[in-house]
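No value in this document is a laboratory result; all are computed from the given coordinates. Since this is a predicted model, take the numbers as computed values, not measurements. Heads up, the Cβs are rebuilt from the backbone with ideal geometry, glycines too, and the neighbour counts pull from every protein chain shown.
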Amino acid sequence: MAVKMDNVGIVVEDLTAAIEFFQELGLELEGRTLVEGEWAGRVTGLGDQRVEIAMMRTPDGHGRLELSRFIEPSVVADHRDAPVNALGYLRVMFAVDDLDATLDRLHGRGSALVGDVVEFGGVYRLCYVRGPEGILVGLAQELG
């Protein structure tokens, strides 16, 4: 049985700010739309819902990120400030060509470095940043 990951979803309050942040990282906006109605609620188990969705795509076309802003029903929990060792979904990580340049660009969008940029085994430079609304994003630059 073949399995292929389609996307990772993140719920946000400010969809435009999240789109701009991930565009600055290098993702491309594939589309933005309103999803609503009973059929959508049957999939999520939320009943009648209205959700604005933006689908972002990595430049290589192999990864997608679905950003969602719930209009109805309202958001019920907020995990944006959870530390890296919290249970459940926590972060998404992207491979980048130039970690320092990426950090500079994202800093202009209000991101903040969580800890330090570290080197792992002479193979990667790694770090975490908090983007808009505290979204935790990992960045990795392969050394070589």
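Ordering of 119-126, 10-17, 82-89 by packing is 10-17, 119-126, 82-89, highest average first (other Cβ atoms within 10 Å, averaged per residue). Give me the tail of P(r) for the stretch 61-144 as a percent: Cα-Cα pairs with distance above 21 Å. Considering the stretch 61-144, 37 percent of its Cα-Cα pairs are separated by more than 21 Å. Dividing the C-alpha radius of gyration of the stretch 8-72 by 2.2 N^0.38 Å, with N its residue count, gives 1.15.
Principal-axis analysis of the Cα atoms of the chain puts helix 15-25 at an angle of about 30° to the longest axis. Its residue count N fixes a reference of 2.2 N^0.38 Å for the chain, and the Cα radius of gyration divided by that reference is 1.12. Give me the net charge for the shell around V75: Cβ to Cβ below 14 angstrom, other residues only, Lys and Arg +1, Asp and Glu -1. Combined, the nearby Lys, Arg, Asp and Glu give -3.
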